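Colleague: This is the structure, below, for whatever I ask next.
The values are calculated or read from the model by the stated rules, or taken from the named source; none is laboratory data. Everything numeric here is computed off the predicted structure, so don't read it as measured data. Glycine gets a Cβ as well: all are built from the backbone with ideal geometry, and neighbour counts include every protein chain shown. Only protein heavy atoms, including side chains, enter the accessible area calculation; ligands, DNA and RNA are left aside. Shrake-Rupley method; radii C 1.70, N 1.55, O 1.52, S 1.80 Å.
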Amino acid sequence: MVKIAASILAADFSDLYEAVRKVEKAADSLHFDIMDGHFVPNITFGPDIVRSLRDKVGLPFEAHLMVDNPQEWIVPFARAGCDLITVHIETSYHLDRLITLIKKEGVKAGVALNPSTSLGQLEHILSRVDLVLPMTVNPGFGAQEFLSWVLPKIRTLREIAREKGLSLEIEVDGGINQATAKEAATSGATVLVAGTAVFNVNDPKEAVFELKRSCGSLFSREKEGVVQWRQRLD
Ligand code: DX5
Ligand code: ZN
């Protein structure tokens, strides 16, 4: 069953908590895209935004660090309330040190790959991480076109995880909508990050359910706010 991480990059920043409330009962986590204007040509927000939402929102928080010096931001985002911190393999010579630092904070560790970055560099670190995030857009902005040429990389990653017996989350990030969600899920994604497809629509909660349904997950509403999911028996 595919999970949805709602990326607040596409939310209405002028009323952020209200935007998050609309997806809280449908999304599986909240995805914070942290950008420093160096690793990517955009600047977003810092740990204080995470902290401001932490006690109000009952979802797991994940920080996607698109920053040049992730070693300086792991502790601040962990202590602001993140449950998962994902660093880009392209931003460090010492990835194992970063993973150790994240785990020392008691949060889950993810590693992200830009579209053109090969899986090879993960070989000796794969068993140490909880999640791999293959980007399906070049990082820095929401509302970009899904890069379908990344799909073979996702399929290969799923095969490697299976061969090694790793219970790895594969979180596909960028350009996810109803059409691309199914492609990403059938290629091996266990989590889909969605920003524009969720926040730039009239009913964000329904948009999350639509994305899950488009990946073949049915749901029956047990009672208000409680939703049981069952996989469609194809
Ligand atoms: C891009 C970010 C993505 C982005 C997803 O650098 O990492 O998480 O916000 O936004 P959409 O779903 O609009 O592509
Ligand atoms: Zn992201």
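Colleague: For a Förster distance of 41 Å, can you work out the FRET efficiency between the beta-carbons of Asp96 and Asn42, rounded to the nearest 0.05?
Modeller: FRET efficiency, Asp96 to Asn42: 0.90.
Colleague: Hey, another quick one. How many percent of the accessible area of region 42-123 is carbon or sulfur, using a 1.4 Å probe?
Modeller: 50
Colleague: Work out, step by step, the length gained on full extension between Asp203 and Ile160: first 0.36 nm times the residue separation, then minus their alpha carbon distance; give nm to one decimal.
Modeller: Extra length available between Asp203 and Ile160 comes to 11.7 nm.
Colleague: While we're on this one: Set the Förster distance to 41 Å, then compute FRET efficiency between Ser127 and Arg54 from the Cβ-Cβ distance, nearest 0.05.
Modeller: Result of the calculation: an efficiency of 0.85.
Colleague: Can you give me the pair-distance distribution of region 16-106, C-alpha pairs, 10 Å bins, whole percents?
Modeller: 17, 49, 28, 6
Colleague: Would you tally the net charge around Gly165, using a Cβ to Cβ cut-off of less than 14 Å, leaving Gly165 out, and scoring K and R as +1, D and E as -1?
Modeller: Residues close to Gly165 contribute a combined charge of +1.
Colleague: Could you tell me the center-to-center distance, by alpha carbons, between region 1-77 and region 174-205 in angstrom?
Modeller: Cα centres, region 1-77 to region 174-205: 16 Å.
Colleague: Could you calculate the contour length gain from Glu18 to Lys104, that is, 0.36 nm times the residue separation minus the distance between their Cα atoms, to one decimal place in nm? Intermediate values should be presented prior to the final figure.
Modeller: Numbers: separation 86, 0.36 × 86 = 30.96 nm, distance 3.30 nm.
Working it through step by step, the gained length comes to 27.7 nm.
Colleague: I want the local charge near Leu151. Using Cβ-Cβ distances under 11 Å, sum +1 for each Lys or Arg and -1 for each Asp or Glu among the other residues. Write down the numbers at each step before the final one.
Modeller: Working: positive: Lys153, Arg155, Arg158; negative: Glu183.
With Lys, Arg at +1 and Asp, Glu at -1, the neighbours total +2.
Colleague: Please compute the contact order of region 122-222 in relative form: average sequence separation of alpha-carbon pairs under 8 Å and at least six residues apart, divided by the residue count, as a percent.
Modeller: Values: 130 pairs, mean separation 26.7, N = 101.
Across region 122-222, relative contact order equals 26 percent.
Colleague: Report relative contact order for the chain in percent, whole number only (criteria: Cα-Cα under 8 Å, sequence separation at least 6). Mind showing how you got there, number by number?
Modeller: Values: 460 pairs, mean separation 48.5, N = 234.
Answer for the chain is 21 percent.
Colleague: Same structure, new question: Work out the length of the dipole vector of region 89-156 about its Cα centre, built from +1 on the beta-carbon of each Lys and Arg and -1 on the beta-carbon of each Asp and Glu, and round it to the nearest 20 debye.
Modeller: The dipole of region 89-156 has a size of about 180 debye.
Colleague: To continue, here is another question. If each of Ala179 and Arg79 carries a label point 7 Å out from its Cα toward its Cβ, how far apart are those two points in nm?
Modeller: 4.7
Colleague: So what's the Cα pair-distance distribution over the chain, bin width 10 Å, in %?
Modeller: 8, 34, 39, 17, 2
Colleague: Another question, then. For every other residue with a beta carbon closer than 13 angstrom to the beta carbon of Thr91, add +1 if it is Lys or Arg and -1 if Asp or Glu, then tell me the sum.
Modeller: -3
Colleague: Quick one: which of 16-26, 184-194 comes out on top by average Cβ neighbours within 10 Å, and what's the full order, highest first?
Modeller: Top of the packing list down: 184-194, 16-26.
Colleague: What 222 nm value per residue comes from the helices of the chain, counting each DSSP H run with n ≥ 4 as -39,500 (n - 2.57) and dividing by all residues, nearest 500 deg cm²/dmol?
Modeller: -8500 deg cm²/dmol
Colleague: Could you tell me which residue out of Ala27, Met66, Val87 lies farthest along the dipole of the chain toward its positive end? Charges go on the beta carbon: Lys and Arg +1, Asp and Glu -1, centred on the Cα centre.
Modeller: Of the options given, the answer is Ala27.
Colleague: Separate question: Based on DSSP, what percent of beta bridges with both residues in the chain are antiparallel, to the nearest 5?
Modeller: The antiparallel fraction comes to roughly 20 percent.
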